[in-house]
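*Asks:* Below you will find the structure I want to go over with you.
The values are calculated or read from the model by the stated rules, or taken from the named source; none is laboratory data. Being a predicted model, the structure only gives us computed values, none of them experimental. When we count neighbours, we look across all protein chains shown, and the Cβ atoms used for this are built from the backbone with ideal geometry, even at glycine. These area figures cover heavy atoms from the full protein model, side chains too; ligands, DNA and RNA do not enter into them. Shrake-Rupley method; radii C 1.70, N 1.55, O 1.52, S 1.80 Å.
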Amino acid sequence: MAEKKKTAGETLAKALFGDHKNAGLLLSDVEIEAADDFCEGYKNYLDVAKIEREAVIEAVRLAKKNGFKVFKRGKKYEAGDKVYFVNRDKAVILAVIGKKPLDEGVRLAAAHIDSPRIDLKQNPLYEDTEMALFKTHYYGGIKKYQWTTIPLALHGVVIRGDGSKVAVNIGEDDRDPVFCITDLLPHLAQQQMKRPAPELVKGEELNILIGSRPFRDDKVSNKVKLNIMSILNEKYGIIEDDFISAELEAVPQFKARDVGFDRSMIGAYGQDDSACAYTALKAILDLDDPEHTCIVCLTDKEETGSDGNTGLNSSYLKYFIDDLARSYGLCGHNVISASECLSADVNSAVDPTFPDVTEAKNSSKINYGVVVTKFTGARGKSGTSDASAEFVGRVRRLLDKNGVIWQTGELGKVDLGGGGTVAQFIANLDMEVIDVGVPVLSMHAPFEVTSKIDIYMAYRSFFVFFND
Ligand code: MN
Ligand code: MN
């Protein structure tokens, strides 16, 4: 049958109107299969890298496997050399040296490897009503009620009195016990249910249940606490004061799973920002002989504002680039000023159940590809790097040229809230930067949802950026 001739209006509309479609309609079966395959590795990463320290260990393991060597300050590297630098076990920089001189700029992708969670207080252990519990202080922006009555695993490190370090990871193995924060039964929650939602469960009520059996000795008080301390001492060689020099983080115990009958989505803890950390990491691991020097920075502390010596508001990335520059007799800030960065972070996806918070024309949707976010911030674009039209244009051309499916999106309606990323801290170094990442449903919840195709498009966007 002959194709029906288009009207003048139809032809004009096709030429002039923006046209972003569901990637599931645009990609071939082979491409969709490639996305699904890619996400098997991603799901594995989600399970082994739930906290920043584990993300660093996993990144270094994969880096070594792919020929990366530990960075040596002062060494003049050759094109094709691959190096990594670990910052205090909680952030890591990977670099592949390019053929072009460093002062033509580097291609940087920066993602964060910390996620919202429940941290233990420094004096956490107590007994009440013959149960043992941990006091906590939550980390990052959470809806506190979401973190009760779900199985929690405990991850982190303890520095013992003699300075030795013990790693803790309990709850992930199917044979491990898990922990949980209890909540009131509905029968007795009439008063609680009248509280405003942010106080439905208060910060000081996020106490983690960790034991209930007493140490059998009539001479001691706090028998349940003593029994727990005795178990911890046997297992980890620690005493109560060692908690003071510990970083113990309670995270959801469940593993990454396919979501939906069509298995098109992934549900897991920590996809903000593992969705971008893993894809950026994979992109640099798969890189060979780039023109420009390419860098991936997996940073800590984004969820609390990027402050601290492992966050991107500190100077560690700048110092790394400066160290690299000086080995070629170059000045670090000249390299930085000539460089470009994709700030790799997630955006909020439109939720059909809560459409009112988003403005349809300017919000990201799952399955529409990687989101290019020109600015974040709140209240009249405060607290953001607003990428220049020129740089947005550059990124748009790059993605189109390479067949990467992308969309644009703002974080919700104007004046309804907002958020930030590391982009502003990169921009403040005098570098071109824009947010590029994956749309997420239920962001910051214990179980966040992404689309497999979007994850794959994030990987492709970082890969083509590095190879450009
Ligand atoms: Mn994020
Ligand atoms: Mn976040």
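Residue by residue, here is whether (1) under 30 Å from GLU130 (Cβ atoms); (2) open to solvent by 40 Å² or more (accessible area, probe 1.4 Å) holds:
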residue	(1), (2)
LYS219	yes, yes
ASN233	yes, yes
PHE243	yes, no
ALA246	yes, no
GLU249	yes, no
PRO252	yes, no
ASP273	no, no
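*Asks:* Could I ask something else about it? How many of the residues making up segment 103-120 are under 22 Å from SER327 (Cβ atoms) and either β-branched (Val, Ile, Thr) or open to solvent by 10 Å² or more (accessible area, probe 1.4 Å) (or both)?
*Replies:* 4
*Asks:* So which residues in segment 421-432 are more than 15 Å from ligand 2 (Cβ to nearest atom) and under 14 Å from ALA280 (Cβ atoms)?
*Replies:* ILE426, the sole residue that qualifies.
*Asks:* Only one of ILE336, ILE295 is farther than 18 Å from LYS90 by Cβ and either surrounded by fewer than 17 Cβ atoms within 10 Å (Cβ to Cβ) or away from ligand 1 (no atom under 16 Å from the Cβ) (or both); which?
*Replies:* On the way: ILE295 fails: farther than 18 Å from LYS90 by Cβ.
Checking each option against the conditions leaves just ILE336.
*Asks:* Ok, one more. When you scan segment 358-467 for strands (runs of 3 or more DSSP E) that lie fully inside it, which ones turn up with 2 or more residues that are in contact with a helix residue (DSSP H, G or I) (Cβ under 8 Å, 6 or more places away or on another chain) and more than 16 Å from ligand 1 (Cβ to nearest atom)? Break it down stepwise before answering.
*Replies:* Working: elements: 370-373, 406-408, 432-437, 448-451.
Qualifying strands (runs of 3 or more DSSP E): 406-408.
*Asks:* Being over 30 Å from CYS331 (Cα atoms), touching a residue at least 60 places away in the same chain (Cβ under 8 Å) and more than 16 Å from ligand 2 (Cβ to nearest atom) is true for just one of ASN402, ASN467. Which residue is that?
*Replies:* Numbers: ASN467 fails: over 30 Å from CYS331 (Cα atoms).
That would be ASN402, the only listed residue that is over 30 Å from CYS331 (Cα atoms), touching a residue at least 60 places away in the same chain (Cβ under 8 Å) and more than 16 Å from ligand 2 (Cβ to nearest atom).
*Asks:* So for segment 272-289 (the condition being touching a Leu at 6+ places or on another chain (Cβ under 9 Å), within 13 Å of ligand 2 (Cβ to nearest atom) and aromatic (Phe, Trp, Tyr)), does at least one residue qualify?
*Replies:* No, segment 272-289 contains no residue that is touching a Leu at 6+ places or on another chain (Cβ under 9 Å), within 13 Å of ligand 2 (Cβ to nearest atom) and aromatic (Phe, Trp, Tyr).
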